[in-house]
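Peer 1: Handing you a structure now.
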Amino acid sequence: YGFESARLPDGSSSHFLAMELVEGEDLAERLKRGSIPVDEAVAIAMRVAEALEEAHEKGIVHRDLKPANVKLTPEGKVKVLDFGLAKAWSGNDDPLSGSAPALSQSPTLARTGTAAGLILGTAAYMSPEQARGELLDPRTDLFSFGLVLYEMATGKQAFSGRTSALLFDAILHRDPTAPSRINPELSPAVEQIIRKATEKD
C-alpha cells in the first residue's frame, strides 16, 4: 500500500494510491443468502475482533464497521476493509469527561466531504454515541461489531427504519429483538456477547 507518483508519457507526473486487491465476497453479499451457521459466524467474528483489536492497539478507530466492509476470501481469510472514515485515537480522548467534542472532530455522513456537526458512517451500524455526534473511542467499533454479529446470527439487521432519523431513534431508544427469538439454535454464550456488545451505555 502507499501513495505513489508516476511519470506520464508527456513528462508530467500523477499521484495515485496503490492498495491491495482482496478477492472474494463481502459479508453483506454472503448475508443476502440468510443467516450464517453459528460456528461459522463465530469464526468470522473472532477474525473481525482480532482486526479491530490490532487497529485499536495502534490507536485507530474504524467508525464504519459493517458487513460490506468485511471480506471473506476464497482461502478462508477474513479481512476488515475500508478504513476511509477511520480516526486516530490517542487514548487521552475521554468521551466520559463530559466535555463536548470540538466541532473539528465531528464526523460527517455527507458523500462530498466533511462538515462540522454532522454524523459519519453507516446509520444501521452506528453506536449511540456515534449517532449523537459525540467524541468516539474504540467502544464505538465494539457496538458495531455486536450489530454485525447479530446480523450474522439472525440474518436480520438489529435496527431498521425507512430513514436515518428512524434508525437513529431505534439505536438510541430501542433494544433489538433478542437474537435467540429469531434463531433458536443460537447459543446463550453468543447471545450474551451480542447483548454485551450492543449495550447502549
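The values are calculated or read from the model by the stated rules, or taken from the named source; none is laboratory data. The structure displayed is predicted, hence computed values, not measured ones. Cβ sites come from the backbone with ideal geometry, for glycine too, and all protein chains shown count toward neighbours. Surface accessibility is based on the protein's heavy atoms, side chains included, excluding ligands, DNA and RNA. Shrake-Rupley method; radii C 1.70, N 1.55, O 1.52, S 1.80 Å.
Peer 1: Would you please give the residues with an amide H less than 5 Å from that of residue 26, counting only those at least 5 places away or on a separate chain, with H modeled from the backbone geometry?
Peer 2: 72
Peer 1: Turning to a different aspect of this structure: Could you check the simple spin-label distance between residue 139 and residue 18, using points 7 Å along Cα→Cβ, in nm with one decimal?
Peer 2: Between residue 139 and residue 18, the simple spin-label model gives 4.2 nm.
Peer 1: Hey, can you grab everything whose amide H is under 5 Å from the amide H of residue 198? Only 5+ residues off in sequence or another chain; H modelled, so Pro and N-termini drop out.
Peer 2: Amide H neighbours of residue 198, under 5 Å, 5+ apart: none.
Peer 1: Shifting gears a bit: Multiply the residue separation of residue 54 and residue 201 by 0.36 nm, subtract the distance between their alpha-carbon atoms, and state the gained length in nm to one decimal.
Peer 2: Details: separation 147, 0.36 × 147 = 52.92 nm, distance 2.35 nm.
Between residue 54 and residue 201, full extension yields an extra 50.6 nm.
Peer 1: With the full set of protein chains in place, find how many percent of the accessible area of the range 1-64 is carbon and sulfur; take the probe as 1.4 Å.
Peer 2: On the range 1-64, the fraction of accessible area on carbon and sulfur atoms equals 54 percent.
Peer 1: From the protein chains alone at 1.4 Å, what is the descending order of accessible area for 7, 30, 132, largest first?
Peer 2: 7, 132, 30
Peer 1: HN-Hα J couplings of the range 166-177 from phi, Karplus 6.51/-1.76/1.60, θ = phi - 60°, integer Hz, Gly and Pro as x?
Peer 2: 5, 5, 4, 4, 5, 4, 7, 10, 10, 9, x, 4
Peer 1: Could you pull out the GluC sites (Glu not before Pro) across the range 116-201 that fall in loop regions by DSSP (anything but H, G, I, E, B) with no more than 15 other Cβ atoms inside 10 Å?
Peer 2: Numbers: sites: 129, 134, 151, 185, 191, 199; in loops: 134, 185, 199.
Qualifying residues, ordered by number: 185, 199.
Peer 1: Taking the Cβ-Cβ separation of residue 173 and residue 5 as r and a Förster radius of 35 Å, what is the calculated FRET efficiency to the nearest 0.05?
Peer 2: 0.10
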